[in-house]
Every structure is written in structure tokens, then in C-alpha cells.
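Here is the structure we will look at.
Throughout, read-outs are computed from the coordinates displayed, never taken from laboratory work. The structure presented is a predicted model; accordingly, all values stated were derived computationally and were not measured.
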Amino acid sequence: MAGKYVPLSSLKPGNVARVRELTMGGNLRRRMLDLGLIRGTRIEVINRSPFGDPVAYSFRGALIALRSEEASGIIVEV
Amino acid sequence: MGLTNQSTGLGTLKELYEVELENQDDIIVGLAGNPNTGKSTVFNSLTGLKQHTGNWPGKTVTNAQGRYEHRGKGYVLVDLPGTYSLLSSSLEEEVARDFICFGNAHLIVVVTDATSLQRNLNLVLQILEITDKVVVCVNLMDEARRKKIRVNTKRLEEHLGVPVVGTSARNGIGLPELKDAVARMAAGEIAPRAKQIQYENPVEKAIDMVRAHTDKLGLGDLNSRWVSLRLIEGDAALMDTICKHMENHYGSRDEKIESMGEEINRARLMLGEEGLDQDGLRDSIVSSIVGTAEEIGRDTVYFADREYRKLDYRIDRILTSRAFGIPIMIALLGLIFWITIEGANYPSQLLSKGLFQIEEWLTRLFIKWGTPRWIHGMLILGVYRTLAWVVSVMLPPMAIFFPLFTLLEDLGYLPRIAFNLDSFFKRACAHGKQALTMCMGFGCNAAGIIACRIIDSPRERLIAILTNNFVPCNGRFPLLIALAGIFITGGSGTLKSVVSTLAVLGAVVLGVVITLVISRILSKTILKGLPSSFTLELPPYRRPQVGKILIRSFLDRTLFVLGRAVSVAAPAGLFIWLMANLSVEDVSLLDHGARFLDPFGKLLGMDGYIILAFILGLPANEIVIPIIIMSYMASGAIIELDSLDALRELLVANGWTWLTAVSTMLFSLNHFPCGTTLLTIHKETRSRKWTLLSFAIPTLTGIIVCFTVAQGVRLLGLV
């Protein structure tokens with residue numbers, strides 16, 4: 001499945017994608033990796049918070065809320 | 001035993017891991033695990049201690065220790081902070097990692113969540129890299145069964161090479177087996193063959209290069225393979241810790257460390273040539289770990305119902321939706337207040353009638369015995385009456401409010417509150433988890449301050465600490481509820497309780513708004529900075545255990561807070577009585593103080609007695625109302641106080657209007673934290689400056705708010 005590469009933050013609830021790469025570095029990158037966001041991880045957008053940001057994502061069996069700053073650094077393949 | 005901050009050279013905020021041994025033969029067991037896996041429940045069930053548990057991540061940041069005996073042997077259990085990994089170098093992770101490495105534990109129990117085992121294996125595998133003295137506890141087996149997830153613990157054991165025990169800690173299931181496994185591991189009856197991660201070839205090659213040196217360092221039980229990899233990664237904190245550790249134990253080892261340093265550089269160069277820079281290396285390492293966890297998970301966990309979280313998601317889509325998220329949140333909080341106010345009214349009256357009946361009997365007894373008047377005054381009118389008020393005003397609302405709030409916590413709703421409100425906190429340049437610490441403040445501000453440790457960024461942690469006091473704690477709710485109940489409302493019956501609910505709710509919402517405004521002001525002035533990154537786990541909703549909640553919240557919270565109130569109120573009652581009855585120039589000391597403060601109080605819509613009560617209430621907010629009552633009773637008409645109506649009469653007789661009540665409520669919401677909280681702030685920040693500011697900021701806010709409201713209302717001629 002060769003799809004488009006877009007930032008995670010551009011997806012809408014219900015969308016499903018796979019992680020392509022992380023653009024952030026340093027400690028933040030470590031955190032994202034520790035959450036299990038490695039290349040190929042399936043990620044589903046569950047819902048937005050009342051004011052649109054953060055957004056809850058489901059991956060590896062957990063529901064994790066990310067702010068748009070973090071989500072925009074995660075490039076996914078749709 | 002164990003290492004202190006000094007010996008490991010850890011930062012000032014870290015906990016002291018001084019393990020206290022009752023008996024030199026005690027086995028030290030570290031309890032590790034992801035947040036929200038029921039680790040605290042396992043800890044409590046094993047040790048019989050009552051550490052506060054809740055369904056939200058990051059709750060245990062402080063370490064707790066407890067002891068249990070099993071087959072004649074003592075075990076000291078050390079509860080480590082919950083972490084997803086040991087690689088991110090957040091405060092919690094460093095604390096957990098350093099304990100596992102240098103805490104001299106005989107073994108580590110890793111608690112995992114059966115409902116999301118695969119992700120939990122990430123941490124298990126990382127710990128197995130450090131030590132093979134590990135027992136894995138797969139907890140929440142009952143939750144898993146409910147969600148139709150099956151975990152094959154035997155198979156998992158084969159994969160991991162260490163004992164695996166399935167438990168439902170909250171029902172006590174599997175705990176005897178867990179204790180057995182721990183005992184056998186500690187006694188050396190089990191030969192662990194811990195699973196080692198296979199990394200990519202260049203990484204393995206680099207490890208081998210450096211390992212030739214780390215093997216010679218005399219690292220004791222530490223796995224040299226793991227140490228080598230961390231050093232290649234450039235883990236400065238670990239390097240420091242290792243050096244300090246070695247200096248303590250073997251004296252200086254400069255030479256060996258120097259030649260090791262050169263080899264590390266060579267290994268990094270080699271990795272660079274293979275296309276693995278620092279980030280690339282990290283990706284590769286984590287991918288190998290996560291990949292291994294995925295593989296093991298696939299072979300040991302069976303989902304009969306793949307859609308098991310769909311219901312949770314559906315609930316979340318409503319509870320945190322744009323249209324309903326905030327209204328539902330406020331409505332839930334309102335419902336809790338309403339039930340509390342409505343439900344507490346009657347038992348409060350019963351209690352106060354009963355307690356004042358006892359006062360009468362005691363008085364008669366004192367008269368019969370011919371006890372001097374002043375002794376009766378001190379003990380009965382001073383100590384007893386204050387206690388009676390504290391108990392009858394505080395006990396019923398707390399006994400209702402706490403279980404309800406604990407219920408929300410147990411369900412897993414608190415992280416949703418943080419999720420809902422994060423956008424505001426971001427705009428205030430603060431941390432989203434501040435919403436969680438704020439919620440803890442509803443219980444007790446001191447607890448809220450300690451909870452601020454879940455925030456990594458020092459700037460945002462300070463903001464959370466400085467503003468925690470803006471949400472009313474248990475000690476202040478009774479004042480809010482009582483004053484709202486007797487003053488704000490005109491109507492009767494249901495309408496009355498609805499209006500007072502709205503008043504308390506309004507106070508809380510105002511508290512949150514002030515929190516955000518002050519956070520923003522702090523971010524723009526003395527604590528300048530941008531919001532740091534934040535990830536928040538929204539844990540699965542859990543079926544709450546109603547019976548346990550009732551008992552736990554009553555014993556742990558209600559009686560604790562009441563006990564504290566009573567122990568402060570008794571001497572305070574005596575002190576106030578003395579102040580009210582010792583006179584200088586025919587005016588009591590209390591009146592002197594109140595007269596002095598009166599002009600100031602009037603400016604803020606209150607009077608001198610109320611201000612004095614807040615000042616004297618510094619040790620504990622719970623006694624503010626009793627002090628106000630006592631001052632009025634001691635200096636004015638003596639009224640039999642056997643109901644809230646009588647309280648109303650007393651207050652009105654002393655010149656109270658609805659504005660006085662509103663101002664008092666506002667000042668209660670915005671004034672200096674209680675003594676315990678201030679001490680906690682000092683302990684957490686280790687700074688006089690921040691402690692002083694945490695005193696000054698809410699007080700100034702209160703003065704400004706009360707002054708504005710009082711003068712505004714008077715200008716408009718509303719009173």
C-alpha cells in the first residue's frame with residue numbers, strides 16, 4: 001500500500017494510518033518511540049477534545065492524547 | 001542499605017531510596033510497572049498498606065515502602081514510579097532505573113496490565129536487560145476476561161525466561177502464587193534465563209566493542225551488555241551515576257573509564273558509518289525492543305473480541321465531544337455537589353443536635369461536680385464546642401463527597417477532565433497534566449502539590465504548584481457548602497439545594513478560571529516560557545468497586561481529614577476561648593484583634609472577626625467557620641446552635657448580609673494555603689522564595705477579587 005505521507009495532525013477522527021517517520025529529535029523523539037510509535041505502527045484517530053486540540057489516538061492497544069505540536073511531527077502513511 | 005541522593009549524585013527532586021529494614025534478613029523487592037496497571041493495588045494488597053490508588057497515570061511518583069511476611073521470611077516492597085520505559089530520562093524513569101540498577105534490591109516484580117500486555121512488555125524487556133532477577137505479574141486478569149482477552153502466562157514464561165504470575169490484585173486472586181514466586185526467586189530456587197533483545201548487527205557489534213571494557217569495571221550485578229549500550233547511546237546521567245557508584249565502592253577508576261571512553265567513541269564512529277547517528281541508533285534500539293514485544297505479544301495474547309475497546313471509544317466520543325464534553329463535566333461535578341449538599345443536610349442536623357445534647361449533659365455534670373466556671377468554659381465552650389461544630393459540619397458532606405469523587409477517579413474519568421481542559425492550559429502556557437494535579441487539590445492541596453511531580457518541566461511544575469491552592473480542598477468545601485446553603489438561597493426545599501449547588505459549582509469554576517489566568521500571568525512574567533510537550537494516556541474505563549470505594553474513601557480520606565481537623569481544632573478551640581475571655585482594658589484579646597482588622601475586613605466585604613478567623617485558621621482551613629462562630633458567640637448573644645438556621649441567625653445578628661457570605665466564600669477560595677500545604681511547597685521547591693510567592697499570590701488575588709466585588713456591589717447599591 002503505497003499511500004500519501006502526511007502529518008498525523010492532518011488526519012480526521014476515524015482515519016487510520018501507519019507511522020512513517022518522526023521528524024522531532026532529542027527527548028521528545030524518545031518519548032514518542034517509548035510510546036511505541038515506530039515505523040509501521042498502526043494508528044487510528046479516535047476523537048478530538050472539545051476545543052479541537054489535543055486529539056486522542058489509538059495505537060498499540062492504548063488511547064493517547066497528543067497536542068497538535070507533537071502530532072504534526074509524526075509523518076504517517078495513509 | 002540502598003543509596004542516598006548524595007551517593008548517587010542525583011538531583012535534588014529525587015526521592016531518597018533509603019530502604020528501611022526491620023530485619024537484616026529481609027528481602028528487598030522493587031515493584032516496577034507501567035502507570036495505571038494496578039501497581040499500587042498490588043502494593044496495597046501485599047503489604048496491607050493503604051496507598052491512595054486511582055485510575056489515572058502517573059499517580060505514584062513518590063516511592064512508598066511496605067513490608068509483608070511470607071512463610072516466616074520478611075519482604076520489603078518498594079513501590080517505584082510507574083513508567084512506560086526506562087530510556088526517556090524523565091524524572092520518574094531515572095528514579096525507577098537507578099533503583100533497579102543500584103538499589104540493592106534482591107529482585108524486581110514488574111506489574112503489567114493483562115489488557116494491554118504487548119505494550120507493557122516493552123518495559124519488562126528493558127528491565128530484563130538490566131537484571132534477570134525478575135518476576136512478572138500480569139495483573140487485571142479479571143478486566144481482561146471481561147474484555148475477552150486471554151493471556152497464556154505459561155507461554156509468556158517460556159518467552160521471557162522468568163516466572164510469570166497472573167493476578168487480579170483487587171480481588172486478591174493470584175497473590176499467594178505471586179508471593180511464592182517471589183520467595184523462590186529470592187531463595188535462588190529458580191534459575192532465570194532472561195530474554196535478551198537481539199539488536200541489529202551494527203548495534204550488536206558496537207555493544208561487543210564496548211563490553212570488552214565494561215566487563216572489567218567491576219559493575220557487580222549490573223548487566224555489562226546493557227550498560228555498554230546505554231553508554232554508546234550517550235546516556236550522561238547513567239555515566240555519572242556509574243562513576244559515582246564506582247568511586248564509592250572501589251575508589252577512583254579514572255584510567256579504565258578513560259580507555260572505555262575512547263572505545264565508546266570508536267563504536268559511535270562505526271555506527272555512524274553504518275548510517276546510525278544518535279537518533280537513528282535510538283530508533284533502531286527501540287524498534288528492536290518494540291518488535292520483540294510485539295512478537296511475544298502475538299504468541300501469548302488472544303483477543304476473542306477485537307473490538308473490545310470500541311465501547312470505550314464510543315463513550316469517549318460523547319464524554320469528550322465538542323458539544324457535550326464541557327457541559328457533561330460541569331454537570332457531573334454539579335451532581336456530586338448537589339448530592340452532597342442535599343444528603344448532608346439532615347445527618348448534619350442530627351449530629352449537631354446529638355453533640356449539643358451531650359454538651360448539655362457534660363455541662364450539668366460539671367455543675368454537679370462544682371467544677372470552676374473557667375474550666376467548664378475552656379473545656380466545654382472552648383474545646384468541645386469547636387469539635388462538635390467541626391464534626392457536625394464537616395463529617396456528613398465529606399462522607400458523601402469523597403466516595404462520589406473516588407468513584408469518578410476509579411472509573412477513569414479524571415484523565416478525561418485533563419483531556420477536555422488541556423486546550424485552556426496550553427493557552428495559559430501551562431502543562432495539560434496540571435488539570436490532574438488540580439483535581440488532586442480538590443482532595444487536599446498538599447496532596448495536589450506532591451502530585452505536581454508528574455510534570456517534568458520545572459517551569460510548568462512551579463506554575464502548577466503556585467496555583468494549586470485556587471481549587472478548594474476538603475477543608476474549604478464545608479465552608480462553601482454551609483454558607484451557600486444558609487445564605488445564598490432564598491427558596492426552600494429542592495430549589496434551595498439547587499441554588500446552593502450552583503453557588504458551590506460557581507466557586508469551583510471560578511477557581512479553575514483564576515488558576516488559568518494566574519498560570520498565564522506567571523508564564524508571561526516570572527516563569528516565562530512555552531508549553532512543553534505532553535502526552536496523556538486515557539486509560540480504559542474500569543468498572544468501579546463500589547463497596548471498596550465506600551470503605552476506602554471513608555477510612556482513608558474522610559477519617560484522615562476529620563482527624564486532622566479535630567486535632568487542630570481542639571487546641572484552636574482552647575486558644576480562641578482564651579482569646580475571647582482574656583481581657584486587656586475590659587476588651588477581650590479577640591475583640592482587640594478583630595477591631596484592628598475590622599477596617600480592612602470591611603473593605604473586602606467582611607469584618608475583622610472573619611479575617612482573624614482566616615489568619616487563625618492557618619494551621620487548617622477546616623477551623624475557619626468554627627472560629628467565626630466561636631468569636632461571635634463569645635462576644636455577643638449566646639445562642640443555642642443546634643441547626644443551620646441558628647447559625648444563620650447568629651451570623652445575621654452579627655451584621656452578615658449575602659455580600660458577607662459571598663466575600664467569605666471568595667476569600668476562602670483565594671487566600672494563603674494552609675500550614676501543611678505551605679510546608680509541602682517548601683519541601684517540594686526547596687525554596688523560600690517560591691513558598692513565599694505561593695502564600696502571596698493567592699492572598700493578593702483574594703484581596704483584589706473581594707475588594708472589587710464588595711466595592712462594586714456597594715457602589716451599585718445592591719446591599
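Need one number: % antiparallel among DSSP beta bridges in the protein assembly as shown, to the nearest 5.
Taking every DSSP beta bridge with both residues in the protein assembly as shown, the antiparallel ones total about 65 percent.
With all pairs of different alpha carbon atoms counted, what Kirkwood hydrodynamic radius in Å does the protein assembly as shown show?
The answer is 28.8 Å.
Over chain B, what is the relative contact order in percent, taking alpha-carbon pairs closer than 8 angstrom and at least six residues apart?
Computed value for chain B: 11 percent relative contact order.
What does the range A:5-77 give for Rg and for Dmax, in Å, if only its C-alpha atoms count?
Every Cα atom of the range A:5-77 included, Rg and Dmax give 10.9, 30 Å.
Helix B:175-186 sits at what angle to the longest principal axis of chain B, using alpha carbons and giving 0 to 90 degrees rounded to 10?
Value to nearest ten degrees: 50.
Treating cross-link reach as a plain straight distance, find the lysines whose alpha-carbon is under 20 Å from the alpha-carbon of B:Lys683, omitting any fewer than eight places away in the same chain.
Qualifying lysines at Cα under 20 Å: B:Lys14, B:Lys59.
Taking the DSSP beta bridges in chain B as the whole, what percent of them are antiparallel, to the nearest 5?
40 percent
Could you state the angle between the C-alpha long axis of helix B:201-214 and the longest principal axis of the C-alpha atoms of chain B, as a value from 0 to 90 degrees rounded to the nearest 10?
So the helix axis and the longest Cα principal axis differ by about 80 degrees.
Measure out, as a whole number of angstrom, how far apart the alpha-carbon centroids of the range A:11-51 and the range B:705-719 sit.
Value for the Cα centre distance between the two parts: 51 Å.
Would you list which aspartates and glutamates come within 15 Å of B:Lys548, measuring only between C-alpha atoms, while excluding same-chain residues fewer than 8 positions from it?
B:Lys548 reaches B:Glu409, B:Asp410, B:Asp556.
Which whole-number percent is the relative contact order of the range B:476-599 (Cα, under 8 Å, 6+ apart)?
Once normalised by length, the contact order is 10 percent.
Give me the Å³ per residue figure for the convex hull around the C-alpha atoms of chain B.
Value for chain B: 193 Å³ per residue.
Of the listed pairs B:Lys147/B:Lys433; B:Lys528/B:Lys689; B:Lys154/B:Lys195; B:Lys216/B:Lys244; A:Lys12/B:Lys310; B:Lys133/B:Lys179, which have alpha-carbon separations greater than 19 Å here?
Over 19 Å Cα-Cα: B:Lys147/B:Lys433.
For the range B:186-223 and the range B:406-473, compute the distance between their C-alpha centroids and round to whole Å.
Distance between centres, Cα-based: 41 Å.
Going by a ≥ b ≥ c, the root eigenvalues of the Cα gyration tensor, does the range B:506-551 fall in the rounded group (a/c under 1.5), the prolate group (a/b larger than b/c) or the oblate group?
Oblate.
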